[in-house]
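Here the structure is laid out as structure tokens; the discussion comes afterwards.
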Amino acid sequence: MTTKRILLAGTFDAQMAHFIQHLRKHATQGDDDSQYKFALLASGAIKALDDVACFEANPADNVSFDKAIAQYDAVVWFALTPRDDATAVPGSVYDIELWRAFQLARALQFQASALHASIPLIFATRIFPTDARPLGAVYDHWRKLYNIFNTSVDNLHIIRSSIEISEDDALFMAFVEYATRHSAPDMSRDMSWLNVARPVDKGSMSKAIADALQSSRRDIAKRRQTNLVGDGVVSYAELLAAVRRGLHDKHMIATRMRCLASPTARRRAQFFAETRKFHAIDDAVPIPYDDRHAECSSWATQRAEDIVDERAIPVRLLLDVEPLRHHDASAFIVRRIANAPKRSLYDTTQLLMHWLPSYFKKSLNIEKASGDLLLCKISRITLCEIEQKADAPFFNRLIVHRPYTHSPLFTIGLAMLPVNASDAGTLLVACHTPSDNRLLCSLFARVIHAFGLFVEEYG
């Protein structure tokens with residue numbers, strides 16, 4: 001019996017927990033000739049997944065990501081549930097997650113070129129428009145993840161799912177929570193309720209990921225995409241009506257579901273509003289004419305009744321992650337520059353390499369040792385050297401060395417997704433500071449912010 005090592009990343013939600021249970025159950029029942037060993041790519045333990053190992057990888061450390069990839073047979077990235085910060089505030093958890101995605105894509109490329117082993121990445125996400133139409137904050141972030149992986153990872157299987165009628169699914173739970181809070185919506189004022197979905201039954205996502213793992217191979221680089229949709233088509237209004245039929249005593253429901261007042265529920269409400277703005281089916285596939293929507297409605301009613309009848313509060317969809325330790329959080333700074341510049345990433349890194357010394361005005365003399373190396377001097381004394389490293393077409397580093405040694409003072413990384421047909425591009429600048437000193441970290445944050453303003457105005 002073989003052991004498959006799977007690295008889990010992205011949003012740690014109930015879908016991920018169900019997927020782990022699904023694989024373990026089928027392996028125990030003999031439906032699979034493999035055993036599975038899981039690890040979470042996170043800097044803190046997951047309370048609800050105590051038996052799953054946690055692989056801590058510093059977001060700014062290339063080596064830690066390379067080691068993570070080398071130890072596992074496949075990576076599964078979950079983007080099904082909104083995280084706890086859907087804003088565009090610089091340094092938000094969404095920026096850090098984008099940086100992790102760039103790092104992961106770089107590590108996969110490095111592994112494929114160095115060891116000739118193309119490790120498969122399975123990206124589990126929702127069905128949403130991937131063209132240039134405006135999207136809400138959550139879906140705009142997932143579209144950036146989609147573009148990063150789709151353009152940078154060769155051995156990739158993207159699974160895009162419609163609503164899963166399950167208490168594990170954030171969208172279906174949003175239907176239940178909306179029904180407990182609101183009366184029937186006025187569709188003459190909000191036409192988004194007439195958009196349609198093709199729901200799938202409980203466990204469909206876990207089974208789809210398991211099937212993708214079985215069909216994926218390390219030695220074959222191939223991009224695949226699966227749209228996980230059901231046979232029946234139903235509008236959001238019809239699905240909400242079906243959920244409301246399954247809810248009988250709203251007072252008791254509100255009492256049992258105390259999580260309605262939680263930040264998790266509020267994130268789901270925002271997510272629900274964003275989702276209703278477009279069809280949760282693939283626009284390229286014609287909508288079939290059939291009467292299977294009655295079956296979808298029946299599933300939704302029955303699932304809502306099951307949730308109401310449970311004595312325990314429904315599972316929290318966004319699993320709690322213990323806070324990062326102080327030195328981990330402070331030693332890493334990431335800033336997103338609103339739109340990627342028109343110049344290439346290499347040229348942008350060159351710009352930063354020359355701009356960085358000039359930020360300190362006339363106190364430094366700059367001497368070019370080579371195309372990718374600058375010497376920063378006061379008079380004739382060399383204070384530091386700035387060296388550029390190109391790790392991937394979308395990932396570069398500037399390493400500030402002590403003079404005439406290769407002991408780095410600090411590292412600045414740049415990751416860029418160019419402007420394309422569906423996105424205005426993304427430029428992230430990150431700094432791995434040598435210590436968690438607040439003043440030093442604040443200084444680096446100000447420097448990165450100033451460069452961001454410079455690029456936005458002149459880049």
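Side notes on the structure shown:
- Failed item, numbered, when LYS362 is tested on (1) outside any strand (DSSP E or B); (2) open to solvent by 30 Å² or more (accessible area, probe 1.4 Å); (3) farther than 17 Å from GLY413 by Cβ; (4) at pLDDT 70 or above: (4)
Okay, residues lined up against (1) open to solvent by 50 Å² or more (accessible area, probe 1.4 Å); (2) part of a helix (DSSP H, G or I); (3) within 21 Å of ALA294 (Cβ to Cβ):
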residue: SER206; (1), (2), (3): no, yes, no
residue: ASP211; (1), (2), (3): yes, yes, no
residue: ARG217; (1), (2), (3): yes, no, no
residue: ILE220; (1), (2), (3): yes, no, no
residue: ARG224; (1), (2), (3): yes, no, no
residue: ASN227; (1), (2), (3): yes, no, no
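- Qualifying residue in segment 26-33 (condition: closer than 18 Å to ALA105 by Cα, modelled with pLDDT under 90, open to solvent by 10 Å² or more (accessible area, probe 1.4 Å) and in a loop (DSSP other than H, G, I, E, B)): no
- Segment 240-298 - residue that is polar (S, T, N, Q) and in a helix (DSSP H, G or I) and, of those, modelled with the lowest pLDDT: THR255
- Restricting attention to segment 149-165, the residues that are of a type in the set (Asp, Glu) and farther than 25 Å from TYR236 by Cα total 1.
- Subset of segment 199-239 that is β-branched (Val, Ile, Thr) and in contact with a strand residue (DSSP E or B) (Cβ under 8 Å, 6 or more places away or on another chain) - its residue that is modelled with the highest pLDDT: ILE209
- Neighbours by Cβ (under 6 Å, 6+ apart or cross-chain): first from segment 140-158, assigned to a helix (DSSP H, G or I); second among the charged types (D, E, K, R): ASN147/ASP423
- Within segment 323-333, one or more residues are open to solvent by less than 50 Å² (accessible area, probe 1.4 Å), in a strand (DSSP E or B), out of contact with any Pro (no Cβ under 6 Å at 6 or more places or on another chain) and modelled with pLDDT of 70 or more.
- Residues of segment 111-136 satisfying the condition of being outside any loop (DSSP other than H, G, I, E, B) and at pLDDT 90 or above: LEU121, ILE122, PHE123, ALA124, THR125, ARG126
- Within segment 48-67, being modelled with pLDDT of 80 or more and open to solvent by less than 10 Å² (accessible area, probe 1.4 Å) holds for one residue alone: PHE65.
- Boolean, THR81 is farther than 25 Å from ASN420 by Cα, open to solvent by less than 50 Å² (accessible area, probe 1.4 Å) and not acidic (Asp, Glu): yes
- Answer residue from segment 68-90, given it is touching a strand residue (DSSP E or B) at 6+ places or on another chain (Cβ under 7 Å) and more than 29 Å from MET173 (Cβ to Cβ) and is modelled with the lowest pLDDT among those: PRO90
- Residue ID - modelled with the lowest pLDDT, chosen from residues in segment 1-21 that are surrounded by fewer than 17 Cβ atoms within 10 Å (Cβ to Cβ) and not β-branched (Val, Ile, Thr): MET1
- Counted residues, segment 147-176 - those being charged (D, E, K, R), touching a helix residue (DSSP H, G or I) at 6+ places or on another chain (Cβ under 6 Å) and surrounded by 22 or more Cβ atoms within 10 Å (Cβ to Cβ): 2
The values are calculated or read from the model by the stated rules, or taken from the named source; none is laboratory data. Keep in mind that what you see is a predicted model, and the values were worked out from it rather than measured. Here the Cβ is made from the backbone with ideal geometry for all residues, glycine too, and neighbour counts use every protein chain on show. Areas reflect the complete protein model, heavy atoms only, side chains present, ligands, DNA and RNA absent. Shrake-Rupley method; radii C 1.70, N 1.55, O 1.52, S 1.80 Å.
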